[in-house]
Structures are given as C-alpha cells and as structure tokens.
1. Would you point out the residue of the stretch A:123-150, among those that are under 17 Å from A:Y249 (Cβ atoms) and at the interface with chain B (Cβ under 7 Å from one of its Cβ atoms), that is farthest from the chain's Cα centre (by Cα)?
2. Just for the stretch A:64-80: of the residues that are farther than 20 Å from A:L313 by Cα and not β-branched (V, I, T), which one is farthest from the other protein chains (Cβ to nearest Cβ)?
3. Please state which of the following conditions B:D386 fails to meet, knowing it meets all the rest: (1) within 12 Å of chain A (Cβ to nearest Cβ); (2) in contact (Cβ under 8 Å) with a residue 12 or more places away in the chain.
4. Exactly one condition in (1) more than 9 Å from chain A (Cβ to nearest Cβ); (2) free of Cβ contacts under 8 Å to residues at least 60 places away in the same chain; (3) assigned to a loop (DSSP other than H, G, I, E, B); (4) not basic (K, R) is false for B:G434; which is it?
5. Can you report the number of residues in the stretch B:437-453 which are assigned to a helix (DSSP H, G or I) and within 11 Å of chain A (Cβ to nearest Cβ)?
6. Identify, by number, the condition in (1) closer than 20 Å to A:G38 by Cα; (2) at the interface with chain B (Cβ under 10 Å from one of its Cβ atoms); (3) open to solvent by 20 Å² or more (accessible area, probe 1.4 Å) that A:T83 doesn't meet.
7. Look through B:H317, B:H291 and report the one residue that is part of a helix (DSSP H, G or I) and either open to solvent by 50 Å² or more (accessible area, probe 1.4 Å) or in the same structural domain as B:D352 (by TED's automatic domain parsing) (or both).
8. Give the stretch B:395-408 a look and list any residue that's more than 9 Å from chain A (Cβ to nearest Cβ) and either touching a strand residue (DSSP E or B) at 6+ places or on another chain (Cβ under 7 Å) or free of Cβ contacts under 8 Å to residues at least 24 places away in the same chain (or both), or say none.
Amino acid sequence: MTDVLIIGGGPAGLSAAAAIAARGARVRVVDRDEAAGGVPRHSHHPGYGLREARVLDGPAYARRLVERAIRAGARIDVRATVTDLRPLVGGGAEADITAPGGRETVSARAVVLATGCRERPRSARLVAGSRPSGVLTTGWLQRLVHLDQGSPGTRAVVVGAEHVSYSAVVTLAEAGCRTVAMVTQDDNHVSFAAFDLVARARFRFPVLTRTRISDIHGGDRVTGVTIERSDGRRGHVECDTVVFTGDWYPESDLAVRARIDRDPRTHGPLVDTRARTGTPGVFAAGNLIHPASTADACRQDGKRLADGVASWLDGSAWPDAWASIDVHSPLLWSAPGHFVPGEAGPIRLQTARPVNSPRFQVEQDGRAIWHGRLPYIRPTRPFALPAAALAGARGPVRIRIA
Amino acid sequence: MTAYDAAVIGAGAVGSAIASALTRQGARVALIEARGDVGAGTSKANTAIWHTGFDAKPGSLEARLVARGHRLLEERAEEFGWPIQRVGALLVAWDEEQVARLDAIIEQSRANGYTRARAMSADEVYAAEPCLGPGALAGVGIPDEGLLDPWTITLALATDAVVNGATLLLDTPVSRIDRVADGYSIETPSGVVSCAWLVNAAGLGSDLVDRAAGHSGFTITPRRGQLIVYDKAARDLVRHVILPVPTATTKGVLVSPTVYGNVLLGPTAEDLEDRTDTRVTPEGLDFLLGHGRRIMPELLDFEVTATYAGLRAATEHSDYCYAVFERYVRVAGIRSTGISSCLALAEQVCGDLAEAGLVTTPISTPRTIRMPNLAEDRPRPYADADLIAGDPAYGDLVCLCERVSAGEIRDALASLVPPRDTDGLRRRTRALAGRCQGFHCGARVAAALAGRP
C-alpha cells in the first residue's frame, strides 16, 4: 500500500516527495519520462537553484532533486504513465499505471498531481498554412538536441519572446541553427533585459513586436512564414524551422478524467493555499496550477504541501467550503483560486501586461485589508504575493492593482 | 506479355478495396499509387463518418453503394479489427425554414430504403444532446450513422491485397497509358506495367488517368474541407454526429466525435483549382469557429489538437462517375462517401469485370490480417496487462498523450505496408496525433522512425 502517490517527477513532485517521505510516509513518484527531473532535465543553461544562492544548470538541478527524494525514502518509477485516475470514496484515488514492467492499479490515501505544463503547439494557436515538417515547440527542440543529439534546421523563426524563447535561441545556436527572427504579438519582449541584450548581441536577430505568424509555407519542409503586423502590413521570412515557445497550458488530462474541479482561469485544478483540490485526498502543485513559474517556485510548492498531506494522512477533515480569490484586470488568474479563511499562504498571480512598481490591494467586502508593492511585473512570468496578503481575510477577496 | 490481370490506379480506400477483392478473386493485381503511402489523399483527411446513405439522391448509384457498403464495413469489422461505432446522427434544424424541410429529409431516407430515421422535437433533441447550443427547434435522428477509422480501413484493405499476392507500387505516378491488343500498358518512372484490365480509382487524379486511357467523361474539381480537431477532454460533450440541414450545395458543418476519442468540427466546402492545396486558411478556421460557437459553444473552450484540410474529388456530375468500358473501369467522383462505400464498389467492380470476361479462380483460403486497434472504445495495448507482461515494449509508452507504445511503433515499422515518415507512422499508431504535438515525444518518435533506440 502506498500512502502518497505523486504523479509527475519534476521540481514540484520531487520536492513534495522528499518533504513527505522525510515525515515517514510511504511515497511513490511516477514519471512518464525516461528519467525523473522534469523540464529542467533538458534545459542546458545556468539559472537554476538561485533561491539557494547556487547557480546550477537544469540537468544538475534535476539530479539534486532526484537524489534528495530518494535519500528521504521515496520510490521513483520512470517510464510509468498514469492513464486513468479515479477518486475513492472516503478520499484518495486509484491510478491505472502503464510501464514496461507491467500494468497495475495503485490506490493511495493521498495523491499529489504534479504533471506540469506544456507549450501550446501551432495547432492550438490556430496558425494557418500547410503542414510541413520543421514546426516544433521548445520542449521538442530541447529533447531533440540535448537528449537525442538531433539537428533542427539552419534558419529558424522563434514565436514568442519570453524566457523560454531565449532558451530556444540558445539551443538552436548550439545545434548550428541560426535564429533569423523572434516574433511576438506584445509590445516588447517579456524576459530579462539582460537575456535580450546578450542574446541579440551574440546571435544577431531582430525581435519583431506586435507581429504574428499568419501563414506557414512549405511542402515536406518549412520554406518560410508570412508575418503580419498589428497595422495589417505583411512580410515574408524565409526559414526551414519554426519554434513555438511558451504560451504554457497545464497538463490537466488526469484532473479532467478524475472530474476534479478546475479553475477556468488557469485550466488547471482549483486549489486552496494548502494545495488541496475539491476532491478529498487529492492535492495539486507546481506548474499544473500556475503555468509557467520557475522551477524554484514549483519546488517551494512541493515543500509547502507536505504539512497538509501529513495532516490529511493523520485524519484531518477535508474542507467543504472555501472563500474565492478573484482578480481584477490586468491580473489574469491567481493560484490558489480560493482558500479556507484562517489558512493564509502565498498567492501566485499572472498579469496580462507589464506594470512598473505596481501597488497591490487585497479587498474584502469592498474594503482594503492589505497593501503591498512589487518592483515590476511582466506577462508570462507569474509572481507571488506573501502569505500576509491573506492573513486578515475572513471571506471572499478580490485582488487589484491600485 | 501481360504481367497482371488487373492494374488498379490509386491506393486510397476505394482502390485498396478493389485490389483486395480482385486479389481474393484470384486475379494477379498491381496496385499503383503516385504518393509514398496508401490512403494519403482524400482517404486520410475527411470527416470519418460511417454513412448510411440516408441523404443520398434516391435511385443513384451512390445511394445503393453507400447503403450496401455501410453493411459490409460492419460485417468485416471483426475479421480486420477496424473500429466502427454506431453512435447515431442527429440532424438539427435551427430555423423555421430548416424545420420545414425535415419531413422531406425523412421521406428521402425512406426512398433510399432507410426506414429508421425519425422526427424529433426540440426537447428530444436536447435530451439526446444536452450540450447543444441554444436555438435548436427540431431534428431527425438517424440511429445507424456512425464513426469509422479511415486510416485503418484503407491500410487493412491494401495490406489484405498485398498479403494475398497483389503488388503494391508506391511513389509510382502514371505518366502515360497505352491501349494494347490484350489490355493496357502503363508507363511510370519506375517502369512499364502491363495489364489486361485497368481500374481507375485515382481520386483527385482520376480525370487525368481517364484522359490518358483515352476517355473524357468528367473533370475533377477539388473541394477542400478544412477541419478542427478538439482535445479528447471534449469527448464527453458530444454523443452523436451532429449534422446541419443540408443545402443544395453542401452538407454543411458538423460536430462529431471520432473513434479515437476527439471531437471534430468541420468541414468547409471550397471549390479549388489546385489539386494539392491542403492548406488551412484563417478564413476557413474563422468560418468553422463561427459555426461551432452556435452548434456547441462549450466546445470552443477546449484546446485544439490539430487542424487539417482534405480535398474531396468532386465532379460536374451529382452521382459517382462509374462506368465499365471494354477493358477499363472508371471509379471516379466518389467525393466524400468513398470509405463508406468502398467495399460495395469493390464488389461492383469484381462483378462487372467477371461479366466482361475476367476469368479467375478465387483463392480458396485467403490469408487474413488483423489490424492494431486505435479506437478508445476497446482496449488498446497500453491497457492490456497480459500483452505487456508478455512483451514489455507494449508498456513502454513513447507518445504519452496518445499512449502509443514502443511495441506498436516497432510493429508498424515491421508491417507489410510500413510507414515511411512521421505522417505515415501517425496514421498507423497515432504517435504525434495528440494534444502536445511533439512537445514530449517528437524527438523520440523521430528517433524510432530512423531506427535509433
């Protein structure tokens, strides 16, 4: 019998495994990839582990997370895919798992969904044109180059201008593929200014803002794209590779199958400050609930939910009423999406547009109960308000930028 | 010298069915395909509906063959292992003008020998299809319409032909056809194929083949159909094939589940000049989204897994262009009902050729093949504990969204009609057909195709 089944062995799942196993529970992590570690495993650039004042590259960061979980006593199964999840009466769930070692059904008193997110591919973005090869996502590109030593093409257009888009440029360059343009519908890139400057100085490509790809051309292989600016002007860019980056969407398939309540704003499971979903014994964490935050933010989620899992295993009741957390434009969503009054916790938020020095206000019944300021916020880069923001809340709250 | 009794040009569903039937009749058959794979034209990009023919033109050849083909596909489903699902269709009227035409649609179905279509009130329509958008006034239920797997059917029939002795010639465009004393001589870049009987099932190229063979009965106008495939999470929204009331020019935009567990929205109907233009256009997508928003607004909240376009082989004639000449059979203008009617067309061709003088001795015990299952309503390898216990490769999932195992990819690559590229592999296994479109598995699928571990 497994006490805790953790689905997904990325930063959130592995850190949850380490923290829960350290308390003596029997923890099993299943990951469908050929090794645990999640997205950092194939992100070969430094910038991981900054929270611990370390500079690691992705694979090294992933290895540390795996080692810690194993040292704490967690069992990790790789190439193991959960194909269905059914909540159990009285809490927890049973999962059907397919792996080379066999097909099995596992019941657990607590389940942590940590399945992460994916980049939205060309089809989900409804980009017209023909269907040649050479159109991929950063995830595909990085696995192709780093895990399989494959080659993309020679001239790439990168769609998106967020952190991961610059990561794609670096990976393309390592594989001998030149980035000929980066296109974004926004007014500016939304990564760090330093990333943008260094990347553009080193790889010499234009960032075409307020621009989208309207058409992809080519027979067997991409031959070019039509770009369209917001004023309607069009142009043609010759390329043999198109990389769709970012625009993250949660991997919520299992949550849908298990009929776990979802937050329509994020499309991931609706959770509270203790990572509890609406289904007793089922928790959710990481980029499944706030796509796409940094690996460190996901790791914090994993650590934080250990108390709640332990207390559920000890027999605490599951809440049946929550107070909502609404957000006001330009904020797009909050994770958690609701909370039990009295249970404060950090709130991750996403903004639709850049704001410098935003002053946040948490309101209850139309009255401000908390204020706070951040230096800046940028689209595609979720950020957090501290637990204090919810400390005084006794009912539904609304978060706005004053 | 006549190398083959019959040459079938075009290895789509129709050509493959004809090749299979003739081969089983004992004929030496060449199945000639211009593209690099079977079923890579109209047969690969369509709405995958298992038609009853209820709405065909009464008295037409199409009406008779679709009705017959509908039965044959079911009769042979067990033998070949291809999935078909009798989910039923629901034809919905959205305004009074459409309501007024429902009686005529039911009468037409009766004239076609289909007796189970029945009128439904708005309440019945919503009870049958609760997620339908507001404004449906009435409908017609057609309980025997359903879903099929166009890729597996075509591949099964081509494989059946090959396993029983037919020669499949891929990448073999026909450059010239000459009538010779005892049949035809077909010139291709890879050599001359001689045959006693010529069958033209060349789909989008069938008028060109017709002319090369010395005839001129029709012209193909490719009619493009763009489609949107929604995420499997949307499958629970839709229970039936939801049809609009057809107009004089088009059957209109439908919403339908697929046997694979997705939901389809489409098609458009655009007459084109270019026989290769399978591009998806911004206008086409907008048009479909507009219809989808009315038919089933909730559907549009789901993620789009794929968009694609197919070309139907339409002609200036309203019926199939079917004709038997001295040693030539024209099987053209099949438009959008070819998979439903393919087995009946094959029966027809076999009968007509026998009557015209093709004498063969049927294979007494044809070899049979069984296709791997791609449908969601029956177990696939990932859920088969015994299979995985016997061969761990079936538990080693490569395409995670569609749960395609390394074992299935290996089997496809080792099959009699193997895939040559990722598109072919996708049609045979569903690898890369899922929501991530390669984010997780693109690199590993490409490696498997290239023979790397």
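The values are calculated or read from the model by the stated rules, or taken from the named source; none is laboratory data. The shown structure was predicted, so the numbers you read here are calculated from the model rather than taken from an experiment. No Cβ is skipped: glycine too gets one built from the backbone with ideal geometry, and neighbour counts run over all protein chains shown. All accessible areas refer to the heavy atoms of the entire protein, side chains included, with ligands and DNA or RNA removed. Shrake-Rupley method; radii C 1.70, N 1.55, O 1.52, S 1.80 Å.
1. So, considering only residues that are under 17 Å from A:Y249 (Cβ atoms) and at the interface with chain B (Cβ under 7 Å from one of its Cβ atoms), the one farthest from the chain's Cα centre (by Cα) is A:L126.
2. If we take residues in the stretch A:64-80 being farther than 20 Å from A:L313 by Cα and not β-branched (V, I, T), then A:R71 is farthest from the other protein chains (Cβ to nearest Cβ).
3. Result: B:D386 passes all but (2).
4. All conditions pass for B:G434, except number (2).
5. Taking the stretch B:437-453 first, the residues assigned to a helix (DSSP H, G or I) are B:442-449.
Still in the running and within 11 Å of chain A (Cβ to nearest Cβ): B:442-448.
Total meeting the criteria: 7.
6. Condition (3) is where A:T83 drops out.
7. Details: B:H317 fails: part of a helix (DSSP H, G or I).
Of the residues listed, the single one that is part of a helix (DSSP H, G or I) and either open to solvent by 50 Å² or more (accessible area, probe 1.4 Å) or in the same structural domain as B:D352 (by TED's automatic domain parsing) (or both) is B:H291.
8. Initially, the stretch B:395-408 is screened for residues more than 9 Å from chain A (Cβ to nearest Cβ), giving B:398-399, B:402, B:404, B:407-408.
B:V398, B:V404, listed by residue number.
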